[in-house]
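Encoded as structure tokens, the structure appears first; notes follow it.
The values are calculated or read from the model by the stated rules, or taken from the named source; none is laboratory data. Please read these numbers as outputs of a predicted model, since none were measured by experiment. Neighbour counts are summed over all protein chains in view; Cβ atoms, including those assigned to glycine, are modelled from backbone coordinates with ideal geometry. What goes into the accessible areas is simple: the full protein's heavy atoms, side chains included, and nothing from ligands, DNA or RNA. Shrake-Rupley method; radii C 1.70, N 1.55, O 1.52, S 1.80 Å.
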Amino acid sequence: MPIPSPVQTDREDQSKPRTTSGVSVRAMLIGLIVTALIDLWIHYAELVLGGTRGHTALANTSIPVGAFNALFALVGINLVLTRLSPKLRLSSAELLTIYVMSAVSTVLSSSGGMHFLIPTITAAHYFSHMNPENGWSGLFMQFVPKWVTQSNPEALKAFYAGGSTLNLHQWATQILVWCGFLMVFTTATLCMVYILRKQWIEREHLPFPTVMLPLELAKEGTPLLRDRFFWIGTIVTFCLVWWNTLATNYPSMPHINLRATYLDSSFPNPPWNALVPLPVTFFPFAIGIGYLLSTEVVFSCWFFYVVSKLEAVFGVASGLSTGAAGVQSVFPWLSYQSAGSFLGLAGVSIWISRNHLREVFRTAFCDNPNNDAEAKGYRIAVLGLIFCIIAMIAFTVVLGASLPMAVVWIALVLAYMIAATRIRAETGNAWPVGPQVDPFQFIMMAGGTGIFHTSDLTSLTYVRAATAQQDFRGMIMPHQLDGLKIADSAEIKPGKLAGAMMLAVAFGTIISFIIALYVWTKYGALAKTDTWRSMMGKANFDKLATWMKLKSPNPPDVEGMKGVGLGIAFTMFLSYMRMRYVWWPFHPVGYCMSTTWLSFETWMPFLIAWLAKIIIIRAGGMKLYKQMLPLFLGLIAGDFLGGGMTTLLGCFTNISVYPANW
């Protein structure tokens, strides 16, 4: 029995035939052009503006800012064409196709994607040569395969020093290898969401809050733009972003701080210092997303964060936490609880989908008793998933990992992604994030460092950077599932839109890789670009070197495994209670999010959204709730439009930009 969701999105009549009109040639061409433009925007904004002048993250939120701004612009152009030349206007399905193509492809360009991968494939050879005292040459350099990394001294100098012209010939092998791997990896995740699509969308009716705004904007006639509450929310948050951008450039203007304010200094003494860090934020877009969730989900998101803080206080007060605040492997093992909760949620999701998965395999390869029209699509998805998993395992082994290590790694990565994608579908989490204990750290925790060969850890360092495991904000899988949900709502054949997504990713990864290299070779990774991103590759190998220099290997972390076990067990318990009792108010996805970075940034916005929703429903019932819905959609739209426009202005001027979403 699926986990029930009290709030379900409005659905069209299931008997209506699906069309393919949205996946037209012109829509795909426009989608590819928009993808290239957003990729250029992302790389310039985040690498050049970067940490010196600020920017709004254009691809890292659950509704990608770049793709959303492009959709809003196309809707405006469409309204003009409706009056001047109706035959040229884009249909609602075409607008959504363009949005989905740009959203799924450009997410790979930012943090967790290209901005981490490219510095990783350059770091080992460059820093081992420039800083021989780091000892890398004797630790792991013999296990670094040259065919996947950049070892050309001229190319490395241009990349890190800048002031050069990009020589694509020097990078051809790396572009081919890593864009090929990304294509295989993203095809695997697309196959998974295609297989799970009907279960999560049509049977469990997961709410998918982050597709509501794009769907409403793309509706024929765009009724949302005629709603005064929508414009109130949009104008207020839009003006806040611009005001704060002006205040950033003119210090005499008062700043309206919506980003994190830390209350750490209020709790200097034990046991209350275990609350540290304690940030408070007021992101308008996060409040808007919270309003779209079911009461149980939005309540659980902030409630379990508070519980996690109280656990930490109890651990210090009782003496169970023997380490300092923030140490992972002591009671209450919060980071490891989070890892266990993700694995538990992935397991529960597969378990409650077991009947559907049996139907998928029977439909794809056996008698197709229900005459399911998607039999061919299921067959392609299952075979594609099998092929991609084998290819990813083989690639990891060729890089230097043992076969068992590669199998465990790929299994953990896919399990984490299933959980993160489900969380996104149920919470619309403002930023796609995962546990602090990523699969790489999980393997080290469970097995200790002694059982791994240097080649295992070196190969995983590269694959980790390519699979968004350093930063879940670069995950494509939640956006792919959102795309299929949009296809379901817009009556577009899912197979056709899946093909458009694959085309966008294939084109987008190559274009994005080249644009990123152009920006880095022009401005220099160590000269005029954002240091945090540019040095992410070195940080990976510094960590690897630290493990290699250990005089005695670390044993398996028994305390950490306790936390993982607790996380798995409690997630299963919460899931069972949700399935068994309708009145049960605690949702497992809230627990999964409670110790991730996301909850640190969104617990207060979700608390505000929960209070607003409770007050509005009690005052006027669901009728008033629906009347106020455009206001909260406006909070999201205004925040992202303001952030996108100020960031775009910053790309053409020397102004500093207020970051609206981080």
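Results, tabulated for the structure shown:
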item	result
Cα-only radius of gyration and Dmax that characterise region 511-615, units Å	22.2, 60
Efficiency of FRET between ALA161 and ILE33 - r from beta-carbon atoms, R0 25 angstrom, step 0.05	0.15
Diffusion constant of region 70-199 at 37 °C, which comes from Stokes-Einstein with the Kirkwood Cα-pair radius and 0.692 mPa s, µm²/s	176 µm²/s
Residue-level accessible surface for PHE395, protein heavy atoms, 1.4 Å, Å²	30 Å²
Straight-distance crosslink candidates among aspartates and glutamates, where the alpha carbon sits under 16 Å from LYS528 and sequence neighbours closer than 8 are dropped	GLU46
Axial C-alpha extent at least 30 Å, average Kyte-Doolittle at least 1.6 - helices from the chain (DSSP)	375-399
Extension reserve of the PHE282-THR531 stretch, reckoned as 0.36 nm per residue once the Cα distance is removed	86.9 nm
Globularity index of region 443-576, i.e. its alpha-carbon radius of gyration over 2.2 N^0.38 Å	1.46
For region 362-435, projected area of the alpha-carbon convex hull averaged over all directions, nm²	7.2 nm²
Rounded accessible area per residue of the chain, 1.4 Å, Å²	38 Å²
Candidate lysines - alpha carbon under 19 Å from LYS146, same-chain residues fewer than 8 apart omitted	LYS157, LYS538
Kirkwood hydrodynamic radius of region 397-506, Cα pairs, Å	15.5 Å
Range of Cα positions in region 166-238 per principal axis (Å), largest first	55, 40, 23
Cα-based equivalent ellipsoid, region 184-308: semi-axes from gyration tensor eigenvalues, Å	33, 27, 15
Paramagnetic reach from GLN627 (point 7 Å along Cα→Cβ, amide N under 20 Å) across region 203-240	223-234
Fraction of accessible area attributable to carbon and sulfur, region 131-176 (%, probe 1.4 Å)	57 percent
Cα Rg, Dmax, region 340-481, angstrom units	16.8, 53
Paramagnetic reach from ALA539 (point 7 Å along Cα→Cβ, amide N under 17 Å) across region 173-188	none
Pair PHE314, ARG83: separation of 7 Å Cα→Cβ label points (nm)	6.2 nm
Area accessible to solvent at TRP662, 1.4 Å probe radius, in Å²	90 Å²
Computed P(r) (all Cα pairs; region 576-652; 10 Å bins; percent)	15, 28, 37, 15, 5, 1
Contour minus Cα-Cα distance for TRP583 and VAL236 (0.36 nm per residue)	121.2 nm
With every protein chain in place, region 42-126: carbon and sulfur % of accessible area (1.4 Å)	67 percent
THR653-ALA569 pseudo-label distance in nm [points 7 Å out on the Cα-to-Cβ vector]	5.9 nm
Ratio of the Cα radius of gyration of region 406-455 to 2.2 N^0.38 Å, where N counts its residues	1.37
Per-pair calculated FRET efficiency, R0 = 30 Å: GLU559 and ASN269 via Cβ, rounded to 0.05	0.75
The chain - Rg and Dmax from Cα coordinates, angstrom	24.2, 75
By accessible area with a 1.4 Å probe, ligands and nucleic acids excluded, highest first: order of ILE476, ILE614	ILE614, ILE476
For ARG354, solvent-accessible area (1.4 Å; no DNA, RNA or ligand), Å²	80 Å²
